[in-house]
Amino acid sequence: MSKRDYYDVLGVSRGASAEELKKAFRRLAMKYHPDRNPGDQSCEAHFKEAKEAYDVLGDPQKRALYDRHGHAAFEHGVGAGAGGFHADVGDIFGDIFSDIFGMGGGRARARGGADLRYLLEIDLEEAVFGVEKRIEIPTLARCEACDGSGSADGKQETCRTCHGHGRVRMQNGIFSIQQTCPHCGGVGRIVAHPCKTCRGEGRVQRTKTLAVKVPAGVDTGDRIRLSGEGQAGPPGAPPGDLYVEIHVREHELFQREGDDLYCEVPIRFSQAALGADLVVPTLDGDAVIRIPPETQTGKAFRLRGKGVRNVRNGRVGDLICRVVVETPVKLSKRQRELLEEFEASFGDDARAHTPRASSWFDGVKRFWERVTSGARAEG
């Protein structure tokens, strides 16, 4: 089955900004994340598809390639796959040309260890202020018995196939083609007496514990690269990298959009009508917002500098509190009597005290006048 367009996957236009891409991915990640939909294979597939799309479109170089060539830009077997675009574009084409035309100049570079990905879930407070987490990674690690050499006695021999060059040349008519030596994998040397622990591989399966420092201001979709903490490479090759991908859990009070935080603050209608000073929570302590008289539900109050410090440019966002006027419940007899007296006090002048309702009724009146006049015109 052909892949869907990455822009369609994220539900954005082709001219979407980086911030719009991040918001789109965050929305899909929150909806389809496997931890929120345990056992749902469909949600897991949607999450992987969204992650793959964001890995490409979220990187300016990869996005430019995708815009020019579509999915074909990543179907060379290097770094392709769901969320696995870790190879540099220059490396892709550089390897192709050097293998075909022998442009590498010198010994071939042995293929290093595989890159790894780890999904790290953190709370909003941890994302805002930063945190250090310890994680366990099952991986191929350097064999301690042979110090990663793969040799029982520490000795290696020159590869007899490539004579130590790491490449072999193939002649096909007028073309002379170089390629990585299939015998030594481009290292140029082979193990004479393989290590019994790792069987000459130079690496063994192991679970290692790492400390990950998460900087303040990260958000869902951000990645932390730990160089050299991926899988160990074969003898003579470098290890891969570990990419720790951040997923921020939903918060019970705050919602994050970019560097700003949003929350709803319930107030009584008497407070909305008369005004009040309200104590509201922020991530670094309480703050006070002054509610002016005659405040309507949905009114937003901005607390500057109470949002999130941007991990890249240091800008600090705001906290936006939206008030929601609550209808009182479980009224006592006396409270009900007071409300009835209050309602009766409006008399025939009720519309003067309800601007939104008055505006709505005026709109309804104009609507029916247009409908009536249209019907008369047709008649």
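The values are calculated or read from the model by the stated rules, or taken from the named source; none is laboratory data. Because the structure is a prediction, the values reported are computed rather than measured. Don't worry about glycine lacking a Cβ; one is built from the backbone with ideal geometry, like all the others, and counts go over all protein chains shown. Heads up: the accessible areas ignore ligands, DNA and RNA and are worked out on the full protein's heavy atoms, side chains in. Shrake-Rupley method; radii C 1.70, N 1.55, O 1.52, S 1.80 Å.
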Query raised in the report: Do we find that Val288 is touching a residue at least 12 places away in the same chain (Cβ under 8 Å), farther than 17 Å from Glu125 by Cβ and of a type in the set (A, V, I, L, M) in this structure?
Result: no
Query raised in the report: Going by the structure shown, is Glu264 part of a loop (DSSP other than H, G, I, E, B) and either surrounded by fewer than 15 Cβ atoms within 10 Å (Cβ to Cβ) or not hydrophobic (A, V, I, L, M, F, W, C) (or both)?
Result: no
**Report entry** strands (runs of 3 or more DSSP E) fully within the stretch 123-210 counting 2 or more residues that are out of contact with any strand residue (DSSP E or B) (no Cβ under 7 Å at 6 or more places or on another chain)
**Finding:** 167-172
Report task. Write out, first by first residue and then by second, each pair whose Cβ atoms fall under 7 Å of each other, whose residues are 6+ apart or on separate chains, and whose first residue, in the stretch 330-356, is modelled with pLDDT of 70 or more while the second is open to solvent by 100 Å² or more (accessible area, probe 1.4 Å) and part of a helix (DSSP H, G or I). Result -> Phe346/His353
Report summary line: Scanning the stretch 307-338 residue by residue, the ones that are open to solvent by less than 60 Å² (accessible area, probe 1.4 Å), more than 26 Å from Ile289 (Cβ to Cβ) and hydrophobic (A, V, I, L, M, F, W, C) total 2
Requested in this report: Select, from Gly148, Gly188, the only residue that is small (Gly, Ala, Ser), under 40 Å from the mean Cα position of the chain (by Cα) and modelled with pLDDT under 85.
Outcome: Gly148
Query raised in the report: If you take the residues in the stretch 44-70 that are of a type in the set (A, V, I, L, M, F, W, C) and without any contact (Cβ under 8 Å) to a residue 12 or more places away in the chain, which one is most open to solvent (accessible area, probe 1.4 Å)?
Result: Ala45
Query raised in the report: Does any residue of the stretch 210-228 turn out to be touching a Leu at 6+ places or on another chain (Cβ under 6 Å), more than 26 Å from Leu303 (Cα to Cα) and surrounded by 19 or more Cβ atoms within 10 Å (Cβ to Cβ)?
Result: no
Query raised in the report: within 26 Å of Ala141 (Cβ to Cβ), open to solvent by less than 50 Å² (accessible area, probe 1.4 Å) and of a type outside the set (S, T, N, Q), is that true of Val244?
Result: yes
Query raised in the report: Among (1) without any contact (Cβ under 8 Å) to a residue 60 or more places away in the chain; (2) at negative phi; (3) open to solvent by less than 70 Å² (accessible area, probe 1.4 Å); (4) not basic (Lys, Arg), where does Gly275 come up short?
Result: (2)
**Report entry** Search result, residues across the stretch 10-31 that are open to solvent by less than 40 Å² (accessible area, probe 1.4 Å) and either under 14 Å from the mean Cα position of the chain (by Cα) or among the basic types (Lys, Arg) (or both)
**Finding:** Leu10, Leu21, Lys22, Ala24, Phe25, Leu28, Ala29, Met30
Query raised in the report: Among Val288, Val280, which is the only one that is touching an Asp or Glu at 6+ places or on another chain (Cβ under 6 Å), part of a strand (DSSP E or B) and either open to solvent by 90 Å² or more (accessible area, probe 1.4 Å) or modelled with pLDDT under 95 (or both)?
Result: Val288
Query raised in the report: Out of curiosity, is Asp123 under 28 Å from Tyr243 (Cα atoms), open to solvent by 50 Å² or more (accessible area, probe 1.4 Å) and touching a His at 6+ places or on another chain (Cβ under 7 Å)?
Result: no
